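The values are calculated or read from the model by the stated rules, or taken from the named source; none is laboratory data. Owing to the predicted nature of the structure, the values given are computational and were not obtained by experimental measurement. Neighbour counts are summed over all protein chains in view; Cβ atoms, including those assigned to glycine, are modelled from backbone coordinates with ideal geometry. Note: areas computed on protein heavy atoms with side chains; ligands, DNA, RNA excluded. Shrake-Rupley method; radii C 1.70, N 1.55, O 1.52, S 1.80 Å.
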Amino acid sequence: ALERNYGWQIDASWIVWLPGLVVGLNVTAQACAEPGNEVLTLSPVYPPFMTAPKNSARASVQVPFVLSAGAWTIDWAALERAVTPRTKLFYLCNPHNPLARVWRRDELGRLADFCLRHNLILCSDEIHCDLILDPALRHVPAALLSPDIAARTITLMAPSKTYNVPGLGTSFAIISDPALRTRF
């Protein structure tokens, strides 16, 4: 389905099964940042993006969206200012919840460049990817942007939003880089 829907061909060995997506956020914080390190995200956002780092003594740093010409956008200058030497990880909600913001390829490319430039692991929660209702917009998996960003991306997905089956308690991470997958 990933190849058919998004043009993303993955290998089955890249999949790590999880009991839930929130578990994936917590495991990512523990695997990719040490106690006292910072995890960066955009806000407002689903609350576990902010609590998962704190659950394991990592700091949660939020950069608020700005309303520009009737659309919620990233404050790129604020995002740059938020990075410190302790920042190790960036949590992205792609598409964004709760703003229902579908990221365009150029925006994702800029976020990927940001993560690469600052040596950040990218954790992309793509659980809402099948719920885009505008036929003019298409979901772009962050890891599909380039081999460089794929090597530092943990993509989190689950059927629970698309098929309304949260009771099944299953989700998965897609991690193409073997070393990153082992850390996770």
Counting only strands (runs of 3 or more DSSP E) entirely within region 57-136, those with at least 2 residues that are open to solvent by less than 10 Å² (accessible area, probe 1.4 Å) and not small (Gly, Ala, Ser) are 87-93, 121-125
Residue in region 144-165 that is among the basic types (Lys, Arg), closer than 17 Å to Ala1 by Cβ, open to solvent by 50 Å² or more (accessible area, probe 1.4 Å) and not in a loop (DSSP other than H, G, I, E, B) present:
yes
Checked region 166-184 for anything modelled with pLDDT of 95 or more and either touching a Phe, Trp or Tyr at 6+ places or on another chain (Cβ under 7 Å) or open to solvent by 40 Å² or more (accessible area, probe 1.4 Å) (or both); matches are Phe172, Ala173, Ile174, Ile175, Ser176, Asp177, Pro178, Ala179, Arg181, Thr182, Arg183
Residue hits (region 149-179; of a type in the set (S, T, N, Q) and within 16 Å of Ala29 (Cα to Cα)) are Thr153, Thr155
- Message: Criterion first (in contact with a strand residue (DSSP E or B) (Cβ under 7 Å, 6 or more places away or on another chain), closer than 28 Å to Trp17 by Cβ and free of Cβ contacts under 8 Å to residues at least 60 places away in the same chain) does Cys123 satisfy it?
- Response: no
Selection from region 40-56 of residues within 16 Å of Cys123 (Cα to Cα), assigned to a loop (DSSP other than H, G, I, E, B) and open to solvent by 20 Å² or more (accessible area, probe 1.4 Å) yields Tyr46, Pro47
Contact list, first residue from region 40-62 and in contact (Cβ under 8 Å) with a residue 12 or more places away in the chain and at positive phi, second anywhere and open to solvent by 10 Å² or more (accessible area, probe 1.4 Å) and of a type outside the set (A, V, I, L, M), beta-carbon distance below 7 Å, six or more apart or interchain, is Ala57/Pro35; Ala57/Gly36
- Quick check: anything in region 104-115 touching an Asp or Glu at 6+ places or on another chain (Cβ under 7 Å) and not basic (Lys, Arg)? no
Looking across region 14-39 at residues that are part of a helix (DSSP H, G or I) and without any contact (Cβ under 8 Å) to a residue 40 or more places away in the chain, the single one that is most open to solvent (accessible area, probe 1.4 Å) is Gln30
